[in-house]
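What follows is a single structure, written as structure tokens, with notes after it.
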Amino acid sequence: MTHRMETERSNSVIAVYPGSFDPVTNGHLDVIARGAKIFDRLIVAVARNLEKDPLFAVKERVEMLESVTFDWKNVEVDVFDGLLMEYAREKGARVVVRGIRAISDYEYELQMAMMNRKIEPQIETVFMLPGEAYSYLSSRIVKELARLGGSVKGLVPPIVEERLRAKVV
């Protein structure tokens, strides 16, 4: 019985969903929700040095993500810097999840996936399309809309909406 439990545990699939999440949007949450159903463990990995001038500090992004993913028991939030493949290897991940909204995303993500495969052939990249309602949504668009005084209701979770309003006032 113990051997069977060890085998089941070693066969669990850990996935990493990396990104800046500056801020987390409902499109990100859509991918997280679906990823949590597919993978045994999903690590939402906030990139520490992805952007030179993020709106939210890493700590704030982690807090918001932890708040909005709390109900998913197989989802954890972490921070990384450096090579994604090294981080994924350290975490025992077998999959990297990437969201794709448009053809332009695909071209970039394909290049990254091929390079990642060269670096670490044992880790697969899985592309996930967001729900149709979020196919146009990006953190950049949300930040710009908020800076210009537009409503971001329905584009981000309520806690993110509050923090955006406080940041751009």
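Things worth noting here:
- Considering the stretch 97-129, the residues that are among the aliphatic types (A, V, I, L, M) and touching a residue at least 60 places away in the same chain (Cβ under 8 Å) include one that is surrounded by the most Cβ atoms within 10 Å (Cβ to Cβ), namely 97.
- Only a single criterion out of (1) over 11 Å from the mean Cα position of the chain (by Cα); (2) touching a residue at least 60 places away in the same chain (Cβ under 8 Å); (3) more than 17 Å from residue 166 (Cβ to Cβ) is not satisfied by residue 55, namely (3).
- For the condition surrounded by 15 or more Cβ atoms within 10 Å (Cβ to Cβ), more than 15 Å from the chain's Cα centre (by Cα), among the small types (Gly, Ala, Ser) and more than 17 Å from residue 16 (Cα to Cα), residue 146 qualifies.
- Enumeration of residues in the stretch 138-166 that are assigned to a helix (DSSP H, G or I), free of Cβ contacts under 8 Å to residues at least 60 places away in the same chain and of a type in the set (A, V, I, L, M): 141, 145, 146, 166
- Taking the criterion of being among the small types (Gly, Ala, Ser) and outside any strand (DSSP E or B), the residues of the stretch 67-122 that qualify are 67, 82, 88, 92, 93, 102, 104, 113.
- Single residue of the stretch 21-37 satisfying the filter (in contact (Cβ under 8 Å) with a residue 40 or more places away in the chain and among the hydrophobic types (A, V, I, L, M, F, W, C)) that is surrounded by the fewest Cβ atoms within 10 Å (Cβ to Cβ): 29
- Residues in the stretch 65-96 that are among the charged types (D, E, K, R) and either over 30 Å from residue 162 (Cα atoms) or surrounded by 17 or more Cβ atoms within 10 Å (Cβ to Cβ) (or both): 86, 89, 90, 91, 94.
- Just one residue in the set 68, 24 is modelled with pLDDT of 95 or more and closer than 16 Å to residue 97 by Cα; that residue is 24.
The values are calculated or read from the model by the stated rules, or taken from the named source; none is laboratory data. This is a predicted model, so every value here is computed, not measured. Every residue, glycine as well, gets a Cβ built from its backbone with ideal geometry; the counts of neighbours run over all protein chains shown.
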